[in-house]
Amino acid sequence: MRALVLHPDITADRHRRDARPALEEAVALAAALPDLEVAGAEIVRLPRAQPGLLFGTGKIAELKERIKALEVGLVLVDGPVTPVQQRNLEKEWGVKLLDRTGLILEIFADRAATREGVLQVELAALSYQRTRLVRAWTHLERQRGGLGFVGGPGETQIEADRRAIDEAVTRIRRQLDRVVKTRELHRKARAKVPYPIVALVGYTNAGKSTLFNRLTGAEVLAKDMLFATLDPTMRAVSLPDGTEIILSDTVGFISDLPTQLVAAFRATLEEVLDADLIVHVRDISHPETEEQATEVATILRGLGVPETAPMLEVWNKIDRLPPDTAAALAATADRRDTVFAVSALTGEGMPALLSAIAAALAPPRHRSEVALTHEDGRRRAWLYAQGVVEGEAAGEDATRLTVNWTDRQEQAFRRL
């Protein structure tokens with residue numbers, strides 16, 4: 001289906017974003033939906049939103065001609081559109097219309113792969129659909145696929161049967177309760193494994209999945225596409241120093257994420273709350289990288305992640321920058337203990353990042369002096385194998401070693 005993307009740049013909105021990058025992001029969102037061809041995109045400037053039609057009558061007529069000329073069947077409005085505005089605009093233009101929330105829901109429905117992901121999307125969609133003139137709840141029998149906004153059966157523009165929707169909500173919540181209990185069992189099982197959890201977070205399309213694949217050797221969907229990853233993926237990883245960790249890839253954040261989706265995906269993002277270390281991946285080549293970083297920080301706080309939580313910041317995609325710019329950023333990152341300039345695609349900067357992850361997860365150490373006799377060759381070899389020996393002094397009866405070790409290593413040594 002051919003689509004026209006519109007970004008309303010409303011002067012009266014004090015919180016409005018820079019129109020050009022916002023439109024580019026909206027086009028990228030549309031491109032993330034399969035079987036959708038973006039035929040055109042434009043910024044529509046207006047002093048204020050009109051209650052009944054969003055746009056003024058003159059602009060509506062102008063856009064109607066453009067819609068006909070481009071032969072589009074769907075208009076995507078990058079912003080909120082009320083049910084009344086949607087109904088009136090669809091009547092005026094003779095095409096289907098989706099606002100930002102509807103589009104994101106469509107993408108989420110297409111990408112969700114796990115049972116919980118599918119249920120969470122459906123629950124969020126029901127909250128959205130309850131106020132819309134769409135009987136799209138018939139999709140609920142499906143395990144995967146779009147929500148029916150863009151096309152498919154059941155698309156007659158009629159009032160959704162609220163009782164049927166409420167019954168569907170009750171059924172989904174019941175199913176989710178069972179899924180969440182299963183997740184709790186899995187979480188308790190993981191808690192018995194003494195591996196720390198490292199969660200990758202970041203704005204959508206920042207390169208988290210590419211970084212995840214490089215670290216784990218997994219084949220998670222990694223494309224230059226918004227919302228390429230919608231379900232948490234976890235893999236065990238062994239760091240160069242031998243530290244075993246569980247790495248978690250999470251859904252990408254985005255500005256103006258629909259409130260019902262923030263709530264719906266809270267369970268999906270619980271891995272972040274459980275994490276021993278958060279790695280914030282940024283697309284440092286993006287023109288709005290600072291705004292994106294602020295948005296991620298805001299959402300993390302909204303999830304309940306304290307500002308004092310252990311966190312590393314990764315400036316990804318330096319391979320996309322001119323060499324001089326990349327070198328300057330790398331130099332800036334080198335002066336900061338928790339910032340690393342890398343390219344997950346080429347592997348540049350990865351050794352330093354891996355060392356920092358290991359150091360951040362390392363338990364506290366303390367120094368001790370250990371006396372070993374000639375008969376303690378096995379214990380001496382064990383200490384050197386652990387890499388904890390800082391110094392050695394030979395005595396008449398014993399060799400004294402200065403060691404810097406963790407409590408666990410000391411306990412293991414005493415048991416030898």
Output for segment 198-222, where each listed residue is touching a helix residue (DSSP H, G or I) at 6+ places or on another chain (Cβ under 9 Å), modelled with pLDDT under 85 and either small (G, A, S) or more than 19 Å from V342 (Cβ to Cβ) (or both): A218, E219, L221, A222
Positions within segment 61-113 being without any contact (Cβ under 8 Å) to a residue 24 or more places away in the chain and charged (D, E, K, R), in sequence order: E62, E65, K68, K91, D99
The listed residue being in contact (Cβ under 8 Å) with a residue 60 or more places away in the chain, surrounded by 12 or more Cβ atoms within 10 Å (Cβ to Cβ) and in contact with a strand residue (DSSP E or B) (Cβ under 7 Å, 6 or more places away or on another chain), out of L383, L372, L361, L354: L361
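Can you pull out every residue in segment 371-393 that is more than 29 Å from P240 (Cα to Cα) and not in a helix (DSSP H, G or I)? Walk me through how you get there before you give the answer.
Kept after step one, since they are more than 29 Å from P240 (Cα to Cα), are these residues of segment 371-393: 371-375, 393.
Answer for segment 371-393, where residues must be more than 29 Å from P240 (Cα to Cα) and not in a helix (DSSP H, G or I): A371, L372, T373, A393.
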Selection count where residues are surrounded by fewer than 20 Cβ atoms within 10 Å (Cβ to Cβ) and at pLDDT 75 or above, scope segment 124-138: 1
Flag if I43 is of a type in the set (A, V, I, L, M) and more than 30 Å from P287 (Cα to Cα): no
Residues located in segment 14-36, provided they are acidic (D, E) and surrounded by 13 or more Cβ atoms within 10 Å (Cβ to Cβ): E24, E25
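Does L54 fit the bill of being hydrophobic (A, V, I, L, M, F, W, C), closer than 17 Å to L23 by Cα, in contact (Cβ under 8 Å) with a residue 40 or more places away in the chain and surrounded by 16 or more Cβ atoms within 10 Å (Cβ to Cβ)?
Details: hydrophobic (A, V, I, L, M, F, W, C): yes; closer than 17 Å to L23 by Cα: no; in contact (Cβ under 8 Å) with a residue 40 or more places away in the chain: yes; surrounded by 16 or more Cβ atoms within 10 Å (Cβ to Cβ): yes.
No; evaluated as a whole, the condition is false for this residue.
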Residue list for segment 223-249, filter: within 21 Å of F108 (Cβ to Cβ) and at pLDDT 75 or above: M234, S248, D249
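The values are calculated or read from the model by the stated rules, or taken from the named source; none is laboratory data. In this text the structure is predicted, and so the values were computed from the model without any measurement. Reconstructed Cβ throughout: ideal geometry from the backbone, glycine too, with neighbour counts over all protein chains shown.
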